[in-house]
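The values are calculated or read from the model by the stated rules, or taken from the named source; none is laboratory data. The structure presented is a predicted model; accordingly, all values stated were derived computationally and were not measured. For neighbour counting, all protein chains shown are included, and Cβ atoms are generated from backbone atoms with ideal geometry for every residue, glycine included.
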């Protein structure tokens, strides 16, 4: 990272950014261009490893691409505001980027993933329509690495 003073190093601070972010962007391999899609998400941390859960309809480009190559990049950010400084305009923000693999989950892990997504979205305890479950796919993205960055303007 070019500006190391902006790097978020502590795992609990990276998790805090994820807790406060409302959307992730999922980067998937495609040819000739990458495919990026914004998604609602939930996550858990277990023994220092972050697992992000997403869901979607049972078919679509996202699924086709993940079936071909499940190595992904995820990004989440929090925009705070634009700030004018003596040298220009900048942004106050916090962000995380992670790399990992996405796997479709089945059985009880589908409900676990949906529970985490709903809780993160403010709907903890939501009761699912049983007829909707077979029409969706839930993915667990195990991150092998995660980094973060933030910027707050300290002087104007």
Any residue in region 71-79 that is within 12 Å of residue 139 (Cα to Cα) and surrounded by fewer than 17 Cβ atoms within 10 Å (Cβ to Cβ)? no
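Conditions (1) part of a loop (DSSP other than H, G, I, E, B); (2) free of Cβ contacts under 8 Å to residues at least 40 places away in the same chain; (3) within 23 Å of residue 122 (Cα to Cα); (4) out of contact with any strand residue (DSSP E or B) (no Cβ under 9 Å at 6 or more places or on another chain), marked per residue:
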position: 13; (1), (2), (3), (4): no, no, yes, no
position: 27; (1), (2), (3), (4): no, no, no, no
position: 31; (1), (2), (3), (4): yes, yes, no, yes
position: 37; (1), (2), (3), (4): no, yes, yes, no
In region 126-156, which residue that is closer than 21 Å to residue 16 by Cβ, in contact with a strand residue (DSSP E or B) (Cβ under 8 Å, 6 or more places away or on another chain) and part of a loop (DSSP other than H, G, I, E, B) is modelled with the lowest pLDDT? 153
What is the residue count in region 113-125 for residues that are in contact (Cβ under 8 Å) with a residue 12 or more places away in the chain and not in a helix (DSSP H, G or I)? 1
Looking only at region 45-63, count how many residues are under 17 Å from residue 142 (Cα atoms), touching a helix residue (DSSP H, G or I) at 6+ places or on another chain (Cβ under 8 Å) and surrounded by fewer than 16 Cβ atoms within 10 Å (Cβ to Cβ). 2
The correct count of residues that are in contact with a strand residue (DSSP E or B) (Cβ under 7 Å, 6 or more places away or on another chain) and either closer than 20 Å to residue 19 by Cα or not in a helix (DSSP H, G or I) (or both) in region 83-112 is 18
Check 8, 24 and return the single one that is surrounded by 17 or more Cβ atoms within 10 Å (Cβ to Cβ) and within 20 Å of residue 139 (Cβ to Cβ). 24
